[in-house]
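All remarks here apply to the structure that follows.
The values are calculated or read from the model by the stated rules, or taken from the named source; none is laboratory data. Source: prediction; values computed, not measured. So basically every Cβ, Gly included, is an ideal-geometry build from the backbone, and we count neighbours across all protein chains shown.
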Amino acid sequence: MAQNGAQALLQTLVDCDVDVCFTNPGTSEMHFVAALDQQPGMRAILGLFEGVVTGAADGYGRMAGKPACTLLHLGPGLANGLANLHNARRARTPIVNVVGEHATYHRALDAPLTSDIEGFARPVSGWIEVSEQAEDVARDGARAVQAAYAGSGQIATLILPADSAWNDCPESATPLSRPAKTKVATAQVEAVARVLRSGEPTVLLCNGDAVTEKGLALLGKIATATGASLMGDTFIGRIERGVGRVEIPRLPYFAEQAEEALQRFAHVVLVDTKAPVSFFAYPGKASTLTPEHAGLHTLAEPGENTLQALADLVDALDANAAVAPLTELQRPELPEGALTPESIAQSVAALMPEQAIVVNEAATAGFAMPGFTACAPQHSWLDLTGGAIGMGMPAAVGAAVACPDRPVLSLQADGSGMYTLQALWTQARENLNVTTVLFSNRKYAILQVEFMRVGAVNPGRKAMDMMELTRPDLDWVALAQGMGVEAVKVENAAAFNQAVAAALSNNGPNLIEAVL
């Protein structure tokens with residue numbers, strides 16, 4: 001049976017176990033859209049803004065452990081989705097990013113939407129290919145999936161000219177083998193083992209595979225056997241937390257606090273991460289955070305086989321019999337009185353269901369949440385990894401699609417929520433089990449803090465207006481209801497407790513505006 005390039009590409013993706021497409025298509029992608037109708041193995045989910053599409057693919061990939069594909073419209077569509085592709089790159093999320101392009105013979109005419117798509121894609125992509133001919137599309141699709149799995153996961157961008165989509169393609173392509181992770185050298189493991197045996201204060205700074213359930217268990221054995229400390233990066237793509245798991249603190253966000261947290265250590269061992277740096281430059285302050293007196297060592301770099309390196313390190317330390325410190329269930333009482341970040345965190349910890357997925361973009365309002373939820377039931381925790389705000393609600397979409405049997409709790413600051421609030425519409429359309437806790441402090445609170453920290457003192461009314469979300473106040477209940485999501489506004493702890501309990505008992509999407 002004859003097929004075109006779009007049909008062959010879709011069949012190839014499905015054969016490669018890519019079965020979800022988050023999309024916001026345009027004219028150049030219509031043959032791909034038509035092919036979706038004929039491909040029962042691919043679920044198609046519409047986002048009303050490309051940042052929702054790419055953020056959903058990020059959340060999906062983090063939870064599913066495999067790529068979704070996106071479908072974006074030409075260079076401007078890709079550009080609209082770049083911020084959340086940046087976050088996905090920092091989270092090392094596998095994504096197959098399909099971007100439509102003008103037909104090959106049309107590109108030279110400089111039509112209004114012509115742009116440098118490869119130039120837009122390059123900063124966020126680990127692999128880029130333009131399928132110039134229809135007969136190449138299926139093969140390139142299989143290569144894109146293989147590339148998405150490279151290292152710890154990356155974005156593979158396949159650019160699909162319209163004529164490559166509509167012209168005939170002989171057949172779909174056979175799936176390619178997934179690339180193996182590089183084994184960490186024995187000498188490197190032994191060098192770290194010597195550091196840990198030295199008895200000098202040592203911290204293992206961790207991310208990636210090190211903070212999976214298996215990685216944390218191995219880290220716990222190492223910490224018990226050697227007395228070393230464990231610490232996670234400030235923001236982590238996905239970490240497993242809660243009862244029966246090893247809980248680790250995070251490196252603080254503010255540079256001064258991070259420096260203080262690391263100051264007592266003679267050695268910093270990097271496990272699936274890089275040396276810590278300040279998020280921004282500040283006048284008169286250091287950008288690198290490793291203490292000058294501390295030795296910096298690497299057990300495993302991102303993309304290497306971290307779990308094998310940790311297992312080898314346990315063997316080298318003769319720590320297999322060591323008992324890792326596991327978290328025990330401790331639910332706090334439901335809070336009463338005023339609604340504050342602390343009382344919200346206490347309520348969430350008291351009511352969190354088993355196997356929840358927490359998507360955290362609470363920003364400054366969520367500072368109390370990690371501490372209160374450390375001893376909650378088992379849950380997966382997803383952070384804003386790249387600092388480009390607007391990730392939270394889209395990632396919650398992707399996580400809910402990846403794990404339909406698990407409740408998703410989206411912790412969302414109001415300022416960053418406005419970047420991609422269209423994700424609520426997708427949650428409603430797909431009837432996703434997402435409860436959004438909207439922290440409504442009506443300001444960009446982090447900017448107010450940073451204004452002072454960079455030395456720009458004595459802000460006036462014009463400066464403060466750039467950091468306040470007032471005149472008018474945002475009405476999140478109306479915004480959510482306008483997109484089909486049930487919503488309620490609460491202003492005290494008792495009302496919040498009631499709203500959370502009700503939302504978690506409802507399998508559809510809900511939003512709770514918590515006015516602070």
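Annotations for the structure displayed:
- Number of the condition not met by N84 [criteria: (1) within 13 Å of the chain's Cα centre (by Cα); (2) surrounded by fewer than 24 Cβ atoms within 10 Å (Cβ to Cβ)]: (2)
- Test: residue in the range 181-188 that is among the small types (G, A, S), modelled with pLDDT of 95 or more, under 30 Å from I222 (Cα atoms) and more than 24 Å from the chain's Cα centre (by Cα): yes
- Counting the residues of the range 108-127 that are within 22 Å of L9 (Cα to Cα), surrounded by fewer than 19 Cβ atoms within 10 Å (Cβ to Cβ) and either over 24 Å from the mean Cα position of the chain (by Cα) or hydrophobic (A, V, I, L, M, F, W, C) (or both) gives 1.
- Complete set of residues in the range 5-42 that are crowded, with 23+ Cβ neighbours inside 10 Å, aliphatic (A, V, I, L, M) and assigned to a helix (DSSP H, G or I): A6, A8, L9, L10, L13
- Residue in the range 90-99 that is over 19 Å from the mean Cα position of the chain (by Cα) and under 16 Å from W127 (Cβ atoms) present: yes
- Residues being out of contact with any Pro (no Cβ under 9 Å at 6 or more places or on another chain), in a loop (DSSP other than H, G, I, E, B) and modelled with pLDDT of 95 or more - total across the range 253-274: 0
- Against the conditions (1) assigned to a loop (DSSP other than H, G, I, E, B); (2) surrounded by 17 or more Cβ atoms within 10 Å (Cβ to Cβ), A480 satisfies every one except (1).
- If only residues of the range 222-250 that are of a type outside the set (V, I, T) and over 21 Å from C375 (Cβ atoms) are counted, the one that is nearest to the chain's Cα centre (by Cα) is G237.
- Flag for A35 being in the same structural domain as A91 (by TED's automatic domain parsing) and in contact with a Phe, Trp or Tyr (Cβ under 9 Å, 6 or more places away or on another chain): no
- Scan of the range 102-120 for residues that are outside any loop (DSSP other than H, G, I, E, B) and touching a helix residue (DSSP H, G or I) at 6+ places or on another chain (Cβ under 6 Å), ordered by number: I117, F120
- Condition broken by A456, with the remaining ones in (1) touching a residue at least 12 places away in the same chain (Cβ under 8 Å); (2) part of a loop (DSSP other than H, G, I, E, B); (3) surrounded by fewer than 16 Cβ atoms within 10 Å (Cβ to Cβ); (4) aliphatic (A, V, I, L, M) satisfied: (1)
- Only a single criterion out of (1) in contact (Cβ under 8 Å) with a residue 24 or more places away in the chain; (2) farther than 27 Å from E301 by Cβ; (3) not small (G, A, S) is not satisfied by L109, namely (1).
- Scanning the range 223-245 turns up one or more residues that are part of a helix (DSSP H, G or I) and hydrophobic (A, V, I, L, M, F, W, C).
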